[in-house]
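These notes are about the structure you will find just below.
The values are calculated or read from the model by the stated rules, or taken from the named source; none is laboratory data. Here the structure is a predicted model, which means the values were calculated and not measured. Using ideal geometry, Cβ is built from the backbone for each residue, glycine included, and neighbour counts are taken over all protein chains shown. Ligands, DNA and RNA are excluded from the accessible area calculation, which covers all protein heavy atoms including side chains. Shrake-Rupley method; radii C 1.70, N 1.55, O 1.52, S 1.80 Å.
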Amino acid sequence: MLTMQTFGDDTSRPPILIVHGLFGSGRNWNVIAKRLSDDRRVVSVDMRNHGESPWFDTQSYHDMAGDLAQVIREIGGEADVIGHSMGGKASMILALQDAALVNKLLVADIAPISYRHSQQSMIEAMRTIDLDLVNTRGDADRQLAEVLGDASVRAFLLQSLNVKERAWRLNLDALEAEMAKIVGFPDVSGSFDGPTLFLAGANSDYVLPEHRPTIKALFPAAKQAKIPGAGHWLHAEKPREFEAAARSFLNL
């Protein structure tokens, strides 16, 4: 079972399940999860090979969707699902293979396609840190800055560093071995007919007009919206706007 963080109490509304992206964790979503929990239960998870969840050799989307299905059955059998990036792809596969578990689906800045980019460079950057020399997060940041200039990306990655244990809360070996699956998207059939929102950052190029036919084929009821001024990490860059969009969709 994936590690879960729970906010709020069960009500007549389905719980919300929040599914983070690659190199993230459930706690990255704590602020939004707490705010959305004012009228229902909200559960955020650490995906396999991330955070405090178990490590496995595989990171396929069918495996990740199976993990999420297990969580939803544990928390009541149905949920509104918010998935970002890798978590958005896993949430899409969940909805396509176990539609009864998903009431509404919000996919944050990702499309059901294979991407050409790789996040291998992020793994290589994290591996440059000599963990034996790390006593504070600042120590790690200074080392990481030698190969990664973007301070916001360094801060995001270092949230997954356990400074006390001098260890990553990421199974870097498995994520590296499975990177092609993570940036890809499996061949799927069928469709999810439930309410679906593809919410993108206006400054991001992850969800493009040419992706719309594929989105509509798999998710016929899908609507699309953009958050102005936001990039791929739209929930972190524009948290209030993301929260407002999520509420508007989920509370209809």
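A few remarks follow.
- Qualifying residue in the stretch 81-88 (condition: open to solvent by less than 30 Å² (accessible area, probe 1.4 Å), in a loop (DSSP other than H, G, I, E, B) and closer than 22 Å to LEU172 by Cβ): yes
- Tabulated pairs, the stretch 235-252, first within 20 Å of GLY24 (Cα to Cα) and modelled with pLDDT of 95 or more, second surrounded by fewer than 19 Cβ atoms within 10 Å (Cβ to Cβ) and among the charged types (D, E, K, R), C-beta under 7 angstrom, 6+ apart or interchain: GLU243/ARG35
- Pick from the stretch 94-137, criterion charged (D, E, K, R) and part of a loop (DSSP other than H, G, I, E, B), ranking: least open to solvent (accessible area, probe 1.4 Å): ASP109
- Complete set of residues in the stretch 151-164 that are touching a helix residue (DSSP H, G or I) at 6+ places or on another chain (Cβ under 9 Å) and either open to solvent by 10 Å² or more (accessible area, probe 1.4 Å) or among the aliphatic types (A, V, I, L, M) (or both): ALA151, SER152, VAL153, ARG154, ALA155, PHE156, LEU157, LEU158, GLN159, LEU161, VAL163
- Residue within the stretch 213-234 that is closer than 20 Å to SER44 by Cα, outside any loop (DSSP other than H, G, I, E, B) and within 17 Å of the chain's Cα centre (by Cα) present: yes
- Selection over the stretch 28-60 of residues that are open to solvent by 10 Å² or more (accessible area, probe 1.4 Å), within 18 Å of ALA90 (Cβ to Cβ) and of a type in the set (D, E, K, R) gives a count of 3.
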